[in-house]
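Before any comments, here is the structure.
Read-outs: derived from the displayed coordinates by stated rules, not from any lab. This is a predicted model, so every value here is computed, not measured. Because the Cβ atoms are built from the backbone with ideal geometry, glycine has one as well, and the counts that use them run over all protein chains shown.
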Amino acid sequence: MPDPRHRRGQRWPFLVLVRSLFLGLFAGRKTLRDIETQRAKLLLGGGATRRVPDTTLYELLPRLSVPALHQTLVKQVRTLWRNKELSHVGLPCGVVAIDGKTLGALDHDADGWGQRHTREHDGTPYWLVRALRAVLISAAGRTALAHVPVLPTTNEMGTFAAMFGTLCKEYGPGNLFEIVSVDAGMTSLCNADLVHQADKGYIMAVMEGQPELLKEAQRLLVPQTEKAPAAQSEWERVRGKWVQRRLYRTTEMAGYNGWTHLRQAWLVRAVHRQDDGKETTEDRYFVTNLPIGRLSAAQSLGVVRGHWSIENDCNWTLDMQQGEDDGALCTAGTAPLALGIVRLLCYNLHQLLRRRHLRKAKERNNPLLPKDLLPFRSLYEACREALRLLQGPCVTGV
């Protein structure tokens, strides 16, 4: 990453500032003051400790290059892929889920990236900074691949082309992914054409925004619910109810209404059963250009369920553990966009470490860490291990 600061008057090396920010977010610190406090307890070279002021980090954040940060994320993913950490689990190919995320509600337009809204109770304006995120749901770690801002002049559907173009540019030459899954907010014939022309598969949810597709899918699939489903999940206990999901699919909708590449329509019915035996159902419809044999019925149901891991894994981790919904650490300029990418870098390492076995107790003793910092031993070692796995520099001296 380029150092955006002027050469004169620098008190801190750029790498130290960036690593301090990364380690603070990696540890779940939710304010710059918390990062400053933690930074004072970690080691610098030679055993000295210094405090990185939160004001220094605040002034640096809006000046960080968002494209350079995104290239760092791409390099991280490519390294994980070379290290065989992104192998497909239970599927014959890679599947990417795309969804939108709000990065912050600000009182300014974030250098033109914010979407203007008005509060209902008093009419005061505010701006939302939003982005599309892509997550590899076919990998065990649910790794984040890309982060594309949503321009204030468009929406998630209009930003899909930019996101898909980024995925194809950065990861297209390999076999990292073959299928793209989106919710109904990005379902359109234009977007489906874009994916099909790139020789990729799409799985798109269908709701009221596509009334013709929805009506035809209901006509063909609802009668099938009287028969045995193509696949069904086990009964699971979710929020006090028993839930089972059932898949029905048809090829009779192929080429419908100008969707010349459409080959299948799916219905996923969630059956909710109360303890008293009363049942309710919830139906969701999908269209895809995948041939009937590319995914088995069980794999098709797994992909539909796995799409929501972008919420349950990625967005939940960023909101609950890193406080992304609590407010931006810095609201100046494009800082929310930069923070969003740094958080994804931390999230990918979290996911990597969660799925690795702990080392033996004698190997966890780190002589580089002072005895009075025992509460930080697991964090220190976790970050060293994560960076070691990525073949990058360790945090000694940071």
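Quick look at the numbers
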quantity: Amide H partners (placed H, <5 Å) of residue 178, local residues excluded; calculated: 94, 95, 96
quantity: Acute angle (nearest 10 degrees) that the helix 14-26 long axis makes with the longest principal axis of the chain, alpha-carbon atoms; calculated: 50 degrees
quantity: At R0 = 25 Å, FRET efficiency that the Cβ-Cβ distance of residue 34 and residue 83 yields, to 0.05; calculated: 0.20
quantity: Estimated 222 nm signal from helices in the chain, with DSSP H stretches of n ≥ 4 weighted -39500 (n - 2.57), rounded to 500; calculated: -10000 deg cm²/dmol
quantity: Paramagnetic reach from residue 355 (point 7 Å along Cα→Cβ, amide N under 17 Å) across the range 298-342; calculated: 302-318
quantity: Nitroxide proxy distance, nm - points 7 Å out along Cα→Cβ at residue 228 and residue 282; calculated: 2.8 nm
quantity: Cα-based convex hull, the range 241-337, per residue volume (Å³, whole number); calculated: 178 Å³
quantity: From phi via Karplus (6.51, -1.76, 1.60), per-residue ³J(HN,Hα) for the range 157-169 in Hz, x at Gly/Pro; calculated: 4, x, 8, 4, 4, 5, 5, 5, x, 5, 4, 5, 5
quantity: Charge-dipole axis of the range 66-326 as Lys and Arg at +1 and Asp and Glu at -1 on Cβ define it, positive-most pick from 102, 277, 87; calculated: 87
quantity: Selection from 217, 153, 1, by position along the positive dipole direction of the chain (Cβ); calculated: 1
quantity: Cβ charges +1 (Lys, Arg) and -1 (Asp, Glu), total dipole of the range 279-354, debye; calculated: 440 debye
quantity: Acute angle (nearest 10 degrees) that the helix 335-354 long axis makes with the longest principal axis of the chain, alpha-carbon atoms; calculated: 80 degrees
quantity: Point-charge dipole on Cβ atoms (K/R +1, D/E -1) for the chain, about Cα centre, debye to 20; calculated: 1980 debye
quantity: J(HN,Hα) series, the range 129-146, from Karplus relation 6.51 cos²θ - 1.76 cosθ + 1.60, nearest Hz, glycine and proline x; calculated: 9, 10, 8, 8, 10, 10, 10, 7, 7, 7, 8, 4, x, 6, 6, 6, 9, 8
quantity: Phi to ³J(HN,Hα) by Karplus 6.51 cos²θ - 1.76 cosθ + 1.60 over the range 109-120, Hz, x for Gly, Pro; calculated: 8, 6, 6, x, 9, x, 9, 6, 9, 10, 6, 6
quantity: Extent along principal axes [Cα atoms of the range 158-248; Å; largest to smallest]; calculated: 43, 31, 24
quantity: Pairwise Cα inverse-distance average, inverted: Kirkwood Rh of the range 50-112 (Å); calculated: 15.9 Å
quantity: For the range 120-194, diffusion coefficient by Stokes-Einstein and Kirkwood Rh (Cα), 4 °C, 1.567 mPa s, µm²/s; calculated: 92 µm²/s
